[in-house]
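Read-outs throughout are calculated quantities, based only on the coordinates presented, and are distinct from any laboratory measurement. Everything quoted here is computed from the prediction, not taken from an experiment. Every residue, glycine among them, receives a Cβ derived from its backbone with ideal geometry; neighbour counts consider all protein chains shown.
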Amino acid sequence: MKNRLKVLRAERDWSQADLAEKLQVSRQTINALETGKYDPSLPLAFKIARLFGQSIETIFQDEA
Amino acid sequence: MTLSSKSPTPLGSSRAARALVFAVVGAPLGYLVGKYLARLEDAGVWTAPVLGWSDVLALFLALLLLGVGAITIIVSASRETLGRKIDPEGGRPATSVQALFYARNGGVLALAGLMLAAPVIVRAVLDPVPPLIASATMIGLLALLLVQIASNITVWIQSDELMRRATAEISAVTFVILLGALFLWAAGEKLGLLPVLTLWDAATVMMTAYLVIAGVVIWRRGLAS
């Protein structure tokens, strides 16, 4: 699954650690999400969407 | 600043310097200890214990676990150093919750190493092991196991979803692979095709498989970066 997390984070000038702190996850989780090594759970996806004020579909795109 | 934009020279050279110091100190020290033990054996004062392959493997794993556990505990003792490890970009000091989490992780690893080494060392030093010492060791191991289980549960509760996912994957893959491998070995053993494995051999193989699979999952999930 592709995502725009890195772009959205860069637009706000947040580091991975900043975003991790806001989402209450580890920096490694943010890194894994950005590099496509991990797809978030639905609750985390909703949390990310709420934080950036966008819908889940605009942040995450199914590659299929 | 991204990680790739940092010059690797200072970190690389300091690692090389440390490795050189360890090699320069460790090699002669190991040689001298070995020579001293050989002399004791020649004089009949001490007999080198005969260790099976699973004992050697267990001691190797124990040293690895103790080493990684000790390094994790030492690093987590300094919130500045831990902060640089957790967030190389920002380098903010770690919070007390993070420091405690990593220290607990280190403790769990070190405890596992201690538990793995204890039966081999007791058996190597005292063979045959007197029943009282064997019972005391067993009670100690049981107590350590209970502490480790409690620590593992705490680590699980404090982990985020990626860490829990990785832990679950490691456990599932280890179970499936070992279920098949141990069944095949047991069948071969029953048919007289393969040598007999002791429970200690099987436990050591299981621990090795768990650590190797953990390394692969951690790498695949990007937890090491």
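General observations
- For a label point 7 Å along the Cα-to-beta-carbon line of B:Ala202, residues of the range B:161-177 with backbone N under 16 Å: B:175-177
- Sites B:Ser78 and B:Leu191, calculated FRET efficiency, Cβ-Cβ separation with R0 41 Å, nearest 0.05: 0.15
- Separation of the range A:10-52 from the range B:133-147 is 43 Å, based on Cα centroids.
- Coordinate range along principal axes, alpha carbons of the range B:70-120, Å, largest first: 44, 17, 12
- Stretched out straight at 0.36 nm per residue, the stretch from A:Asp62 to A:Glu11 would grow longer than its current Cα-Cα span by 16.1 nm.
- For the protein assembly as shown, pairs of C-alpha atoms spaced more than 26 angstrom apart make up 59 percent of the total.
- When only Cα pairs below 8 angstrom with a gap of at least 6 residues are kept, chain B shows a relative contact order of 18 percent.
- Placing dummy labels 7 Å off each Cα toward the beta-carbon, the span from B:Ala143 to B:Ala48 is 3.5 nm.
- Relative contact order of the range B:52-158, defined on C-alpha pairs under 8 angstrom at six or more residues apart (%): 31
- Surface/4 of the Cα convex hull for the range B:159-225, nm²: 5.0
- Rg and Dmax of the range B:23-103, Cα atoms only, in Å: 19.9, 60
- Alpha carbon Rg of chain B, scaled by the compact-globule rule 2.2 N^0.38 Å: 1.23
- Sites B:Val21 and B:Ala181 - FRET efficiency at Förster radius 45 Å, r taken between beta-carbons, to 0.05: 0.65
- Among the DSSP helices (H) of chain B, those spanning at least 18 angstrom by Cα along their long axis with an average Kyte-Doolittle hydropathy of 0.5 or more are B:9-42, B:53-77, B:96-125, B:131-158, B:161-190, B:199-220; this is a geometric and hydropathy rule only.
- Distance between the pseudo-spin-label points of A:Leu42 and B:Ala38 (7 Å out from Cα toward the beta carbon): 6.8 nm.
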